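A short write-up of the structure that comes next.
Please treat every number below as a calculation from the coordinates, not as lab data. Computed from a prediction, not measured in an experiment: that's the story for all the values here. Don't worry about glycine lacking a Cβ; one is built from the backbone with ideal geometry, like all the others, and counts go over all protein chains shown.
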Amino acid sequence: MLRTGSQRSKLCPRCPVARVADLLGDTCTLLIIRDLLESPRRFGELEDSLGGMSPRTLTNKLKTLEKEKLIVRRSFTKPVRFHYELTKKGAAFNKVVEAMRSYGKKYL
């Protein structure tokens, strides 16, 4: 993933493929979206699903996805607990994830 604005602006700034690759350019982010496509998840559920990811890394990735308006953090029950769910914009990645799943099953 590109780290600075100048790095992003130099790499095909108008290319939609490059922009999406920058946003989802690591495996963990795609796996978070994959999990949230199934249902909203609490932090611990995501942490368990992603195995070796540190809590700090997961927190940072969730914040990035929230900033990009791909997910929302919602509270429920008392005591207050939170879960993460996809927005309409985030749910639009369903076709991308399904295409990757299909490719993986067929070729890998």
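Some points to look at:
- Just one of the listed residues (Glu98, Glu85, Glu38, Glu47) is touching a Lys or Arg at 6+ places or on another chain (Cβ under 8 Å) and not polar (S, T, N, Q), namely Glu85.
- Condition met for Gly52 (under 16 Å from Asp35 (Cα atoms), exposed (fewer than 11 other Cβ atoms within 10 Å of the Cβ) and out of contact with any helix residue (DSSP H, G or I) (no Cβ under 6 Å at 6 or more places or on another chain)): yes
- Members of segment 71-108 that are among the small types (Gly, Ala, Ser), part of a helix (DSSP H, G or I) and more than 17 Å from the chain's Cα centre (by Cα): Ser102, Gly104
- Residue in segment 55-80 that is surrounded by the most Cβ atoms within 10 Å (Cβ to Cβ), counting only those that are among the hydrophobic types (A, V, I, L, M, F, W, C) and closer than 12 Å to Leu36 by Cβ: Ile71
- Matching entry among Leu46, Leu24, Leu36 (being out of contact with any Ser or Thr (no Cβ under 9 Å at 6 or more places or on another chain), under 17 Å from Gly90 (Cα atoms) and in contact (Cβ under 8 Å) with a residue 60 or more places away in the chain): Leu24
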